[in-house]
Amino acid sequence: PISGFVIYVGQMTTKIRHDRPNKQHNQVKVMQEIAKLWKYGISEADKDYYIDFAHRAREEYRHQLREFRATGLYKPSEDFQRLEGGPWIHLRPHHRNALETEISTYQTVKFPPRPPEFDEAYKKREEESKRRRREKQRLLGYD
């Protein structure tokens, strides 16, 4: 993890997508919401928790990398876990905050890009975008 904010974004995105399963996901709007929460909605202690999380995860990664380069063996983390390619959480439940505890109970943290009922509208927008791109290239003489 790069920073505490990145860890927070991963966890909050998972929570928001879980809490809004039938809404079309707009990552730009979600990021705006999460950034506002980070800036105004959480305490300094919570921010410090995530900053410390990222710092300890980086230190552990550096240690794992040195060990791997020396021995050629990979040793999984004893403190952190990435859920199905989604957000990072603490492995030990007593080290988790409330958000980590909540998302660790979700059956999945991988969500489809959009609810199935939005597929047709997405395909239409995609087709229109391709058509406009081809038209622009034709007008500019790139075809």
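The values are calculated or read from the model by the stated rules, or taken from the named source; none is laboratory data. Worth saying up front: this structure is predicted, and the values here are computed from it rather than measured. Cβ placement follows ideal geometry from the backbone for every residue including glycine, while neighbour counts extend to all protein chains displayed. Note: accessible area is taken over every heavy atom of the protein model, side chains too, but ligands, DNA and RNA are not part of it. Shrake-Rupley method; radii C 1.70, N 1.55, O 1.52, S 1.80 Å.
Sorted by packing (mean other beta-carbon atoms within 10 Å per residue), highest first, where do 127-134, 52-59 land?
Peptide ranking by packing, descending: 52-59, 127-134.
If the elastic network links every pair of Cα atoms under 10 Å, which of 110, 15, 123 fluctuates the most in the Gaussian network model of the chain?
123
Quick check for you: with a 1.4 Å probe and neighbouring chains kept, what is the accessible area per residue of the range 1-105, in Å²? Write down the numbers at each step before the final one.
On the way: 6780 Å² over 105 residues.
Accessible area per residue: 65 Å².
Taking the simple approach of a point 7 Å from Cα along Cα-to-Cβ for both residue 35 and residue 131, what is their distance in nm?
3.3 nm
Would you list which aspartates and glutamates come within 20 Å of residue 23, measuring only between C-alpha atoms, while excluding same-chain residues fewer than 8 positions from it?
33, 117, 119, 120, 126
Expressed as a rounded percentage, what relative contact order does the range 1-118 have, with Cα pairs under 8 Å and six or more residues apart?
Relative contact order for the range 1-118 comes out at 36 percent.
For Cα Rg over 2.2 N^0.38 Å, the choices are (1) 1.19; (2) 1.28; (3) 1.40; which was calculated from the structure?
The calculated read-out lines up with (3).
If you roll a 1.4 Å probe over the range 1-125 with all protein chains in place, what percent of the accessible area is carbon or sulfur?
With neighbouring chains kept in place, the figure for the range 1-125 is 57 percent.
Treat every Asp and Glu Cβ in the chain as -1 and every Lys and Arg Cβ as +1, leave all other atoms uncharged, and give the resulting dipole magnitude about the Cα centre to the nearest 20 debye.
Rounded to the nearest 20 debye, it is 760 debye.
Give me the distance in nm between label points sitting 7 Å out from Cα along the Cα-to-Cβ direction at residue 71 and residue 24, one decimal.
5.1 nm
Quick one: net charge of residue 92's neighbours, Cβ under 11 Å, K/R +1, D/E -1?
Spelling it out: positives minus negatives among the neighbours equals -2.
What is the gain in length, in nm to one decimal, between residue 82 and residue 6 on full extension, counting 0.36 nm per residue of separation less the C-alpha to C-alpha distance? Walk me through the numbers on the way to the answer.
Details: separation 76, 0.36 × 76 = 27.36 nm, distance 1.31 nm.
Separation in residues times 0.36 nm, less the Cα-Cα distance, equals 26.0 nm.
Please list the non-local residues whose amide H lies under 5 Å from the amide H of residue 91, H modeled 1.01 Å from N, same-chain partners needing a gap of 5 or more.
80, 81
Just how many pairs of Lys in the range 26-113 have C-alpha atoms closer than 28 Å, counting pairs that are eight or more places apart or on different chains?
The result is 9.
7 Å from Cα along Cα→Cβ at both residue 96 and residue 61: what's the point-to-point distance in nm?
A separation of 2.2 nm, rounded to one decimal place.
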